[in-house]
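Okay, structure first, notes after.
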Amino acid sequence: MVQKEAELEQLKAYLAACNIALPDDYIEATERPDFILRTGNRHIGVEVTEYHVSGRRQIEEAWDKLRHRAFEREDYPLNRSVKLYFREMRVPPTRDLDGFINEVIEFTGLNPEIERAAPDAQRHPILARYTDRISVAPTKAHRIMWFWNYDAAWVGLLESELISILAQKAKSAVAPASEYWLIIAGGNRLSTLLALLDADQLRIMPDLEGALAGSPYERVVLLQQPLIDWRRGEGWSNR
């Protein structure tokens, strides 16, 4: 029910952006696709989905678990900003979490202010296994500040993911309709950010146009700021 309500709000957000006014009783909640819009003599099937990159969400959740575990430690020093440069998009497994945090505490105690320093593999073996650089700086914030090098990296829509969504959601065009729309909603987590600035970023994707042409959709919407949609016969545009 909560998911359906969220999908309805996303659908209404798109309709409002397009200046399409429909009474609530003209929007029917269904399955495959999620909604049927009744407008004039037309029935429009609309599928709504959230964008996310496969695997990225799990990595973010593992990072959040590590960071919050450190926050819960009474012995972790406050007023200290730490940036961890991980070797790859992988954080320590559960068995290494406490050891990793212990070594971060010791490292930052020895180096209260240092920029991109490499951990010593003999003194801090767990830290060195997962990170290759660490920066530490004092901060006036009365809380723990932990960052990692993937906070602002690896963000945004991937052509392969978008094509995959088109293929998966094509199976939802089941209920009879005059035409079908697909709304892909961006979120606030790194794994769900679309991060598109302009429709031109989509026009240059070499395989996307063929996937769109072969899909059952007359419109494909990227629900973000700015809102961007594709319309059959028109292509991509900022709305």
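Calculated accessible area for the chain comes out at 53 Å² per residue, all protein chains present (probe 1.4 Å; ligands, DNA, RNA ignored).
Share of the chain's accessible area from carbon and sulfur, percent, 1.4 Å? Mind dumping the intermediate values first?
Working: 6260 of 12670 Å².
Accessible surface attributable to carbon and sulfur in the chain totals 49 percent.
Using just the helices of the chain, give the 222 nm mean residue ellipticity in deg cm²/dmol: DSSP H runs with n ≥ 4 each add -39,500 (n - 2.57), and the total is spread over all residues, rounded to 500.
Numbers: 7 runs with 76 residues, N = 239.
That comes out to -9500 deg cm²/dmol.
Considering the zone a paramagnetic label at T139 would reach in this model (a point 7 Å from Cα along the Cα-to-Cβ line), which residues of segment 63-91 have amide N under 19 Å from it? Residues 63-86 fall inside that zone. Projecting the Cα atoms of I134, H68, L194 onto the dipole axis of the chain, where Lys and Arg carry +1 and Asp and Glu carry -1 at the beta carbon, places I134 farthest toward the positive end.
In debye to the nearest 20, how big a dipole does segment 92-239 give about its Cα centre with +1 on each Lys and Arg Cβ and -1 on each Asp and Glu Cβ? Present the calculation step by step, with values, prior to reporting the outcome.
On the way: 15 positive and 19 negative charges, 69 e Å.
Magnitude of the dipole: close to 340 debye.
In debye, nearest 20, what is the charge dipole magnitude of segment 1-93 about its Cα centre with +1 on Lys and Arg Cβ and -1 on Asp and Glu Cβ, if you could check? If you can, show how the numbers build up before the last one.
On the way: 15 positive and 17 negative charges, 127 e Å.
Using only the charged Cβ atoms, the result is roughly 600 debye.
Kindly flag which residue pairs out of K12/K171; K4/K171; K4/K169 have an alpha-carbon separation exceeding 21 Å in this structure. Write out the running numbers ahead of the final one.
On the way: K12/K171 23 Å; K4/K171 19 Å; K4/K169 16 Å.
Among K12/K171; K4/K171; K4/K169, the Cα-Cα distance tops 21 Å for K12/K171.
Based on the inverse mean of 1/r over its pairs of different Cα atoms, what is the Kirkwood hydrodynamic radius of segment 71-221, in Å? Walk me through the numbers on the way to the answer.
Values: mean 1/r = 0.0525 Å⁻¹.
Here the Kirkwood hydrodynamic radius works out to 19.0 Å.
To the nearest ten degrees, helix 94-110 and the longest principal axis of the Cα atoms of the chain are 50 degrees apart.
The long axis of helix 2-17 is offset from the longest Cα principal axis of the chain by roughly 60 degrees.
How big is the antiparallel share of DSSP beta bridges in the chain, given as a percent to the nearest 5?
Numbers: 25 of 43 bridges.
The antiparallel fraction comes to roughly 60 percent.
Dipole orientation for segment 23-83: of the candidates P33, L78, H52, L78 has the Cα lying most toward the positive pole (charges on Cβ; Lys, Arg +1; Asp, Glu -1). The Cα atoms of segment 71-140 define a convex hull whose projected area, averaged across directions, is 4.7 nm².
For segment 166-239, a Kirkwood radius taken over Cα pairs fed into Stokes-Einstein (37 °C, viscosity 0.692 mPa s) yields D = 252 µm²/s.
The values are calculated or read from the model by the stated rules, or taken from the named source; none is laboratory data. Bear in mind that the values here come from a model prediction, so they are computed numbers and not experimental data. In this analysis, Cβ positions are derived from the backbone assuming ideal geometry, glycine residues included, and neighbour counts consider all displayed protein chains. When the accessible area is computed, the model is the full protein with side chains, heavy atoms only, and any ligands, DNA or RNA have been set aside. Shrake-Rupley method; radii C 1.70, N 1.55, O 1.52, S 1.80 Å.
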